[in-house]
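Next up is a structure, given as structure tokens.
The values are calculated or read from the model by the stated rules, or taken from the named source; none is laboratory data. Computed from a prediction, not measured in an experiment: that's the story for all the values here. Note that we place each Cβ from the backbone using ideal geometry, even for glycine, and neighbour counts take in every protein chain shown.
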Amino acid sequence: MSRYYEADQSVKDVLIDLVYNEGRFPNLRAANIKVVMDCKPKVDKLTEAVTFASIKLANEVEKYLTKDGHNLDGIDYILFINDVVWELADAANKKRIISHELRHTFIDEKGNYKIIKHDLEDFYAEVELNRDDPMWAQSLGTIALAKIEQIKEEAKANK
């Protein structure tokens, strides 16, 4: 079984909603973003923090390999989402996860796509958007960590 698999349309719809319908990320309307689900959870050994998702700038090989009749230049970004976290997240948290990752994107004055780091642990804009539930990430992270540990224990028991 592969570590990665194509995100289904419901995942892509959250991204489309944020970029086009809500207009939260108008600078990304021309960007080609590949959404991939990741089966291997990333847990920081020191803090036990679960990585919900990450985004990267596509390199030249990835851009070349993803060219097709619809996408002449290939993809610009790859968005990786932890499938366990996604399964556990409610609709609001799914939106928060993708919104947070899209905050890492930037287009410079020459029109080149870039990745930027956090303003703080999160982004000021995301903190403001999530003021109704400021502890959403900690809550989801705790549940996800418990589920990841359960999956590990079940895998050990089945060996």
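Would you mind stating whether Ala49 is closer than 24 Å to His118 by Cα and either touching a residue at least 24 places away in the same chain (Cβ under 8 Å) or crowded, with 17+ Cβ neighbours inside 10 Å (or both)? Don't jump to the end; show me each part of the working.
Details: closer than 24 Å to His118 by Cα: yes; either touching a residue at least 24 places away in the same chain (Cβ under 8 Å) or crowded, with 17+ Cβ neighbours inside 10 Å (or both): yes.
Criteria met by Ala49.
Hey, can you tell me all the residues within region 97-125 that are in a helix (DSSP H, G or I) and at pLDDT 85 or above?
From region 97-125, those in a helix (DSSP H, G or I) are 97-102, 124-125; that's our starting set.
Within region 97-125, Ile97, Ile98, Ser99, His100, Glu101, Leu102 qualify.
Condition (residue is over 14 Å from the mean Cα position of the chain (by Cα), surrounded by fewer than 19 Cβ atoms within 10 Å (Cβ to Cβ) and at positive phi) applied to region 86-96: is it met by at least one residue?
no
Within region 35-47, identify whether any single residue is more than 28 Å from Glu149 (Cα to Cα), in contact with a helix residue (DSSP H, G or I) (Cβ under 7 Å, 6 or more places away or on another chain) and among the hydrophobic types (A, V, I, L, M, F, W, C), and answer yes or no. Steps first, please.
Within region 35-47, the subset more than 28 Å from Glu149 (Cα to Cα) is none.
No: zero hits.
Within the set of pairs 6+ apart or on separate chains, which have a first residue in region 25-45 that is within 23 Å of Asn59 (Cβ to Cβ), a second that is crowded, with 16+ Cβ neighbours inside 10 Å and small (Gly, Ala, Ser), and C-beta atoms under 6 Å apart?
Val35/Ala7; Met37/Ala7
Name the pairs whose Cβ atoms lie under 6 Å apart, with the first residue in region 62-74 and closer than 12 Å to Tyr113 by Cβ, the second among the polar types (S, T, N, Q), and 6 or more positions between them or separate chains?
Close Cβ pairs (under 6 Å, with a partner that is among the polar types (S, T, N, Q)) amount to Gly74/Thr66.
Sticking with this one: Any residue that is modelled with pLDDT under 90 and either farther than 17 Å from Ala7 by Cα or in a loop (DSSP other than H, G, I, E, B) (or both) - is there at least one of those in region 72-94?
Step one: filter region 72-94 for residues modelled with pLDDT under 90, giving 72-73.
Right, trim to either farther than 17 Å from Ala7 by Cα or in a loop (DSSP other than H, G, I, E, B) (or both) and you get 72-73.
Yes, there is a match, as at least one residue in region 72-94 is modelled with pLDDT under 90 and either farther than 17 Å from Ala7 by Cα or in a loop (DSSP other than H, G, I, E, B) (or both).
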